[in-house]
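Report on the structure given below.
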Amino acid sequence: NEYSDAKEEYLGFETWLSRISYSASNSLKEAEYDLLTIHKIRMPVEMRKTFLTTNTIESGFSGPKSLMKRVKKWNLGTDMISRWVSVNLLYQEKRFRKINGVNKINIFLADFLEQQLDKKVAA
C-alpha cells in the first residue's frame, strides 16, 4: 500500500517484462509515473480502480459529444458553446456511477491538501 512497496514491485515487474518483450517494457516505462502516482498521493485502495484510468472523465464527454452533433449553428460570439456543454454535462451526470470508496474522498482530500501544504512550508 506504500509508495516504496509499489515502486519495488513495479521495478521487479519491469525487469521481468523487459526479458519477455522490449516494446511492452517501453510501454510500461511510459506509464510509470501515472501508475505510481496513486500510491505516492496515498489514495485509498477502494478509489484506485476508478482513478487509474481516464475512463471516468471520458465517459462524461461521450454523451454530450453525440448530443451536440444536433446543434446546427454555433454562435462563437456568445456563450452558447459553454451553455450547450454545461447542459449536456448535467444531462450526462444523471448516468454517472458512484465512485468506489466515495465515503473516503473527504478524508483523502484533507490528507492530500495537508501533504501539499507541508511541502510548501518546507520549501
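Give the residues of the range 68-99 that are β-branched (V, I, T) and surrounded by 10 or more Cβ atoms within 10 Å (Cβ to Cβ), sorted by residue number. Walk me through it before giving the result.
So in the range 68-99, the residues β-branched (V, I, T) come out as 71, 78, 81, 85, 87, 99.
Once the filter is applied, which keeps residues that are β-branched (V, I, T) and surrounded by 10 or more Cβ atoms within 10 Å (Cβ to Cβ), the range 68-99 yields V71, I81, V85, V87, I99.
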Can you list residue pairs whose Cβ atoms sit under 7 Å apart, with the first residue in the range 83-97 being assigned by TED's automatic domain parsing to the domain that holds I57 and the second being surrounded by 10 or more Cβ atoms within 10 Å (Cβ to Cβ) and assigned to a loop (DSSP other than H, G, I, E, B)? Count only pairs 6 or more apart in sequence or on different chains.
W84/V71
Please go through the range 65-114 and give me each residue that is under 30 Å from K40 (Cβ atoms) and charged (D, E, K, R), ordered by number.
E93, R97, K98, K104, D111, E114
Test V45 against the stated conditions and say whether it is of a type in the set (V, I, T) and without any contact (Cβ under 8 Å) to a residue 40 or more places away in the chain.
no
Filtering helices (runs of 4 or more DSSP H) wholly in the range 16-123 for at least 3 residues that are at pLDDT 80 or above gives 22-30, 32-40, 45-51, 80-93, 105-122
Run Q116 past the list (1) within 25 Å of D34 (Cβ to Cβ); (2) surrounded by 13 or more Cβ atoms within 10 Å (Cβ to Cβ); (3) without any contact (Cβ under 8 Å) to a residue 12 or more places away in the chain and report the number of the one that doesn't hold.
(2)
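The values are calculated or read from the model by the stated rules, or taken from the named source; none is laboratory data. This is a predicted model, so every value here is computed, not measured. Every residue, glycine as well, gets a Cβ built from its backbone with ideal geometry; the counts of neighbours run over all protein chains shown.
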